[in-house]
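The values are calculated or read from the model by the stated rules, or taken from the named source; none is laboratory data. Just so it is clear, the model here is predicted, and its values are computed rather than measured. Every residue, glycine as well, gets a Cβ built from its backbone with ideal geometry; the counts of neighbours run over all protein chains shown.
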Amino acid sequence: MSDSIFGIHGTALELRSQRMGLLASNIANAATPGYKARDIDFAAALKSSMAGNTADQAANAATLYRVPVMPSLDGNTVEMATEQTAFAENAVGYSATLSFIKARVETLSRAMKGD
Amino acid sequence: MNLFTVAQRAMSSQLVRMNAAASNLANAGSVTGDAAGAYRPMRAVFAQDLDQATGLSTVRVQGMYRSEAEAVKRYDPGNPLADAEGNVFEAPVDQNAEMVEMLESSRQYQNMVEALQTAKQLMLETMRIK
């Protein structure tokens, strides 16, 4: 039902939200020895969910370990610059998707009210 | 576990780390009469705390560890705490290292706060769809 109303944007929002959690986890673990930063390959996840997988399955399949520019001595692969950029990019993507959804909701509610 | 739990625990962990650095700095220069009794700097060591259900991972303080560094022996016979040979033992605190530790910790704390603010704002916007 929600798929037919929101099209690609419903899934996209779900994936963006999952990715935001993952990136926040990376930022939280910036000082944890041995922590390996992860990220969702958004394009791959979206493609896979369009092929019929649920958002959860798609996100899990597209979750990859980050390749660090310079690995640190304690085995931690979180690089603040990378994580912050990814987080900002993801937040903007989330916002964009959200405005598509808002517009869709507005269209439908206007059609229902008839004014 | 949700994003708020992740951020809250991460911030608490950084706070523990900052407190440890502050304690070390506060004890820099403190002396004792025997090497064993000297203050040893503390360090908080973090560990990942993965929530299998959501895939989110937060931080916990795995433990506080005391530095193995030897107390600095100094000849100071006028000190009332000096031992029979006139030596006192100073806490082996590296003030520069502590300052760096504190700075790094506060930066990471700030980072987490900013990420949380952005996430919270997006969540609120999502709720306001009508």
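Considering each residue of region A:33-41 in turn, at least one proves to be closer than 30 Å to B:Glu101 by Cβ, crowded, with 21+ Cβ neighbours inside 10 Å and in contact with a helix residue (DSSP H, G or I) (Cβ under 6 Å, 6 or more places away or on another chain). Checking A:Arg19, A:Arg110 one by one, the residue that is under 19 Å from B:Gln52 (Cβ atoms) and either in a helix (DSSP H, G or I) or within 12 Å of another protein chain (Cβ to nearest Cβ) (or both) is A:Arg19 and no other. Picking from residues in region B:1-32 that are within 23 Å of B:Tyr109 (Cβ to Cβ) and among the hydroxyl-bearing types (Ser, Thr, Tyr), the one that is nearest to the other protein chains (Cβ to nearest Cβ) is B:Ser13. Within the option set A:Gly93, A:Gly75, A:Gly52, being more than 10 Å from chain B (Cβ to nearest Cβ) and within 14 Å of A:Ser17 (Cα to Cα) holds for one residue only, A:Gly93. Residues of region B:83-130 that are among the aromatic types (Phe, Trp, Tyr) and more than 12 Å from every other protein chain (Cβ to nearest Cβ): B:Phe89 alone. Those strands (runs of 3 or more DSSP E) of region B:1-97 in which 1 or more residues are closer than 27 Å to A:Thr32 by Cα and touching a helix residue (DSSP H, G or I) at 6+ places or on another chain (Cβ under 6 Å) occupy B:42-50, B:57-66. What do you reckon, is B:Ala91 surrounded by 16 or more Cβ atoms within 10 Å (Cβ to Cβ) and in contact (Cβ under 8 Å) with a residue 12 or more places away in the chain? So B:Ala91 fits the description; yes.
Among the residues of region B:33-42, is any touching a Gly at 6+ places or on another chain (Cβ under 9 Å), more than 12 Å from chain A (Cβ to nearest Cβ) and not polar (S, T, N, Q)? Checked region B:33-42: no residue is touching a Gly at 6+ places or on another chain (Cβ under 9 Å), more than 12 Å from chain A (Cβ to nearest Cβ) and not polar (S, T, N, Q). Quick check on A:Asp3: is it away from every other protein chain (no Cβ under 14 Å) and at pLDDT 95 or above? So A:Asp3 fails the test. Is there a residue in region B:71-78 that is exposed (fewer than 14 other Cβ atoms within 10 Å of the Cβ), more than 17 Å from B:Met112 (Cβ to Cβ) and of a type in the set (A, V, I, L, M, F, W, C)? Looking through region B:71-78, none of the residues is exposed (fewer than 14 other Cβ atoms within 10 Å of the Cβ), more than 17 Å from B:Met112 (Cβ to Cβ) and of a type in the set (A, V, I, L, M, F, W, C).
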